[in-house]
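A.B. asks: One structure coming up, written as C-alpha cells, with questions to follow.
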Amino acid sequence: MRTVKVIILARDEMVAAFLRERIGAIRPIEVVTSDTVDADAIVADGGLLTFSERRVLRVCQHHDCLSDVADALCIRRDTVKKHLVRIYRKLEVNSLHRALLRAKELGLLDEQREGRGDL
C-alpha cells in the first residue's frame, strides 16, 4: 500500500497539532512539512482564514489593483495590504495569484461555507 504524504495548514499551532495527531493516526497517511515538494495533498483548517481575509480574497478576484479592492470594501488600501500579508503567511505563498489559486484549491472561497452573504 502506497503512503500518502499530507501537508497541514491550520490557524494556530494547537489546531495543527490536533490535526497532525488525528490524521497521522490514519494509515497509510504521513504528515509532512510544508516545504516537502512531493506532497500528495493539503489538509486545511476550515477556520484558516478569517471572514475578512476571505472577503478580501474574493474581491481581489475581480479587481486588478489594491486601491480598487479597498474602494469596493470601503476600507483603506493599507488595510487590504495587511490582510494580504496575513493571507500569504497562512497559505504559505508569496503572491496574490498563488494565494487565490491555493484558496480555491482548498475550498476557502466557497460562498456556501460562509453563512454570511458575499460582502
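A.B. asks: Given the criteria on the phi > 0 side of the Ramachandran plot and free of Cβ contacts under 8 Å to residues at least 24 places away in the same chain, does CYS74 qualify?
C.D. replies: Numbers: on the phi > 0 side of the Ramachandran plot: yes; free of Cβ contacts under 8 Å to residues at least 24 places away in the same chain: yes.
It is true that CYS74 is on the phi > 0 side of the Ramachandran plot and free of Cβ contacts under 8 Å to residues at least 24 places away in the same chain.
Here is a yes/no grid of residues against (1) crowded, with 16+ Cβ neighbours inside 10 Å; (2) under 12 Å from the mean Cα position of the chain (by Cα); (3) modelled with pLDDT under 85:
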{"position": "VAL6", "(1), (2), (3)": "yes, no, no"}
{"position": "LEU9", "(1), (2), (3)": "yes, yes, no"}
{"position": "ARG27", "(1), (2), (3)": "no, no, yes"}
{"position": "CYS65", "(1), (2), (3)": "no, no, no"}
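A.B. asks: Could you list, in sequence order, the residues of region 14-49 that are among the β-branched types (Val, Ile, Thr) and farther than 17 Å from ALA103 by Cα? Explain how you work it out, then say what you get.
C.D. replies: Step one: list which residues in region 14-49 are among the β-branched types (Val, Ile, Thr), which gives 15, 23, 26, 29, 31-33, 36-37, 42-43.
Once the filter is applied, which keeps residues that are among the β-branched types (Val, Ile, Thr) and farther than 17 Å from ALA103 by Cα, region 14-49 yields VAL15, ILE23, ILE26, ILE29, VAL31, VAL32, THR33, THR36, VAL37.
The values are calculated or read from the model by the stated rules, or taken from the named source; none is laboratory data. Just so we're clear, the structure is a prediction, and the values are computed from it rather than from any experiment. Please note: Cβ atoms are built from the backbone with ideal geometry, for glycine as well, and neighbour counts cover all protein chains shown.
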